[in-house]
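The values are calculated or read from the model by the stated rules, or taken from the named source; none is laboratory data. Everything numeric in this text was worked out from a predicted model, so none of it was measured. A quick note on method: Cβ atoms are made from the backbone with ideal geometry, for glycine too, and the neighbour counts reach across all protein chains shown. Note: areas computed on protein heavy atoms with side chains; ligands, DNA, RNA excluded. Shrake-Rupley method; radii C 1.70, N 1.55, O 1.52, S 1.80 Å.
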Amino acid sequence: MSAVSDQLVTFAILVYLIAMISHAVEYALGNVRAVSARVAPARELVGAGVGGAGVDKVDGPVADVPASTPPPTRRSRSAGRARLAGRIAAGLTVLAAALHLGALVTRGIAADRMPWGNMYEFVLTVTWIGTAAWLVVLWKRPALRRLGLFLTLVMVLLLAFAELKLYVPVVPLMPALQSYWFIIHVSTIVFSSGIFLLGVVPAVSFLLRNGYEQGRRSFPYTLARRLPGAADLERLTFALHAFAFPIFTFAVIAGAIWAEAAWGRAWGWDPKETWAFISWVVYAGYLHARATPSVKRNVATWIAVLGFLTVLMNLFGVNFFFTGLHSYAGVE
């Protein structure tokens, strides 16, 4: 089962990559709609003179009579191709998520435990949660589909990094982790981290799109020309963080309760605990700033981005550069 899991991860990365390319095709074709070409209307002289029909004399104003509408143009065909590429990308993302889930399930079967025992498995699970949450958002808000380009890019990068740098063979769970609190604490940390992972995508997109809507035309704001409106992106950012924050709060509390049972103290300022507290403070600051009318939305969103950077520090930096009671990464 372990070999099957490894193969499924590889296939998932490839499908995510193809989905990203399909999203890129949709993005490149532009924000076009199926419109018909408009030509200059023919101008006819309509008289208000004394003559009857066919009289050439004109005393009245000139009126415009529109010409007939021509058939669809190249622009409409590009719009159709863009929609097709976007639908293919969404379908491929569903397939990649299924392969991704299969890798997690087979890894868990091979290890005879929940697949969260080391850093590699943690990243696999967090990225799957992010993808699954994105598919729910896409189902509810199809107009946000173009965000899939950035979501699939993040998935390819994180999964490739996990495969190249974090991979470890399946091993039994460490004795210190053999507790029912393992499922309670780690599952909530994984879930909230996956939602935060998804939340940073519209957050960064909002910062770019907001700048573009304010007239900035330099790089990287030009990347946001074909993104959804800034207001929609900001609302999605807030909704995801407001949903994930209470779960993350419960996860931190559950970790303290587990620490009391396992180590005889609820909090010891271990590097993991410290950075989890920093993340909690930053995300609480974001939600407070978002609820304060005097704080600009782009300022609040920058706080959310900072929050995710602290999550990355807790996930990667602490495991690589610090040692403590939470040294379960499984990598040297």
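Points to keep in mind about this one:
- As a fraction of the 1.4 Å probe accessible area of the range 133-249, surface on carbon and sulfur atoms comes out at 69 percent.
- Surface calculation, 1.4 Å probe, protein heavy atoms: H288 sits at approximately 130 Å² accessible.
- For the set V123, V94, V154, the ranking by accessible area, highest first and with no ligand, DNA or RNA atoms included, is V94, V154, V123 under a 1.4 Å probe.
- For peptides 155-164, 109-118, 197-206, sequence by mean Cβ density within 10 Å, most packed first: 197-206, 109-118, 155-164
- With all protein chains modelled, accessible area of E213 [1.4 Å, Å²]: 100
- Taking all protein chains as shown and a probe of 1.4 angstrom, K296 keeps an accessible surface of around 140 Å².
- Dipole magnitude for the range 176-332: computed about the Cα centre from +1 point charges on Lys and Arg Cβ and -1 point charges on Asp and Glu Cβ, it is near 760 debye.
- Full extension of the chain segment joining A266 with S294 gains 6.3 nm, where the gain is 0.36 nm per residue of separation less the Cα-Cα distance.
- By accessible area with a 1.4 Å probe, ligands and nucleic acids excluded, highest first: order of W280, W258: W280, W258
- Note on exposure: Y180, Y120 ranked by accessible area (1.4 Å probe, complete protein assembly) read Y180, Y120, with the most exposed listed first.
- Under the convention that each Lys and Arg Cβ holds +1 and each Asp and Glu Cβ holds -1, the size of the dipole of the range 139-246 around its Cα centre is about 500 debye.
- Applied to the range 80-93, the Karplus parametrisation 6.51 cos²θ - 1.76 cosθ + 1.60 on θ = phi - 60° returns per-residue 3J(HN,Hα) values of x, 5, 4, 4, 5, 4, x, 5, 4, 4, 5, x, 5, 5 Hz, with x for Gly and Pro.
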